[in-house]
Amino acid sequence: MQALKNPTHERFARLLTQGMTQVEAFRKCYPEQKPQSVNTNACKLANQLDVKARVAEIKEFVDTQYAMALGEKRDILRRMIEGQVPTKVIRKAGGQIDAIFDRLAALQMDSKIAGEFAPEQHQVNTGPTLKLEFNMVGRNSKPNAALEAEWERINPETKTLPAPPEGQQDDFTPYLEADIKPTNFKQLDELRQIIDISTEKTDYQSKTIIHD
């Protein structure tokens, strides 16, 4: 709903949503009004359908867009604890209204907001607990006697590797100390001549086979 076409009525509706009474809002909007007619005219204006709808719309917008401040929440809880405001209101079918003053519930809520309670812990047990333990050995770790015995226990069919054939080189020192840089390294230009000659021979043989 858009603002009321009458700007004075729009201001009147906004003042009502700010907490003013009908008479106070009407005097703000119509300061020249005679005192004896303020109450009657204020009530008539507040009960107009467009004004009532506008007030309800503004209140709904404020309630949904602007959250209540923490101080306001705790002030309401304080008044509930002191018994000034009921914690719950029940309207029965016959129209009777019962007010409930639950001070303990208000105290608990205020304590939660203040952070006076310890964090709640929830434990969910859905069945027996399964616990697995793994003792891992790194690839560079040297197995001790206990690990070797455990390995033989879980691998009873483990066989010992056979001895290397006679004459097999067990000492790799010569390979580690060898110079990997070749001494008779050929340049690419030298290799290109060999590649070209080989290619010509292959083409000649292919042509000979085709002619046959």
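Bear in mind that the values in this text are calculations on the coordinates, not laboratory data. Worth saying up front: this structure is predicted, and the values here are computed from it rather than measured. Here Cβ is always computed from backbone atoms with ideal geometry, including for glycine, and neighbour counts include all displayed protein chains.
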Looking at Phe26, Leu15, Gln36, which one has the Cα that reaches farthest to the positive end of the dipole of the stretch 7-65 (charges on Cβ: Lys, Arg +1; Asp, Glu -1)?
Gln36
Per-residue HN-Hα couplings for the stretch 75-89, Karplus 6.51 cos²θ - 1.76 cosθ + 1.60 at θ = phi - 60°, whole Hz, x for Gly and Pro?
5, 5, 5, 4, 5, 5, 5, 7, x, 7, 10, x, 7, 7, 10
Residue-wise, which Karplus ³J(HN,Hα) couplings in Hz belong to the stretch 46-54, taking 6.51 cos²θ - 1.76 cosθ + 1.60, θ = phi - 60°, and x for glycine or proline?
5, 8, 5, 4, 5, 5, 5, 5, 5
Two decimals is fine: what's Rg over Rh for the stretch 70-114, C-alpha atoms, Kirkwood radius as Rh?
1.08
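How high is the relative contact order of the stretch 7-65, in percent, with contacts defined as C-alpha pairs under 8 Å that are six or more residues apart?
42 percent
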Amide H to amide H under 5 Å from Val85: which residues, 5+ apart in sequence or cross-chain, H placed 1.01 Å off N in plane?
Met80
Rank the residues Ile81, Ile90, Ile113 as a footprinting-exposure proxy: fewest other Cβ atoms within 10 Å of their Cβ go first.
Ile90, Ile113, Ile81
Taking the alpha-carbon centroid of each part, what is the distance from the stretch 2-20 to the stretch 61-114 in angstrom?
29 Å
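Just rank Met109, Met68, Met80, fewest to most, by other beta-carbon atoms within 10 angstrom.
On the way: Met109 18, Met68 10, Met80 21.
Listing Met109, Met68, Met80 from fewest to most nearby Cβ atoms yields Met68, Met109, Met80.
Please arrange Leu16, Leu49 by how many other C-beta atoms lie within 10 Å of their C-beta, fewest to most. Intermediate values should be presented prior to the final figure.
Values: Leu16 23, Leu49 7.
The most exposed by this proxy come first: Leu49, Leu16.
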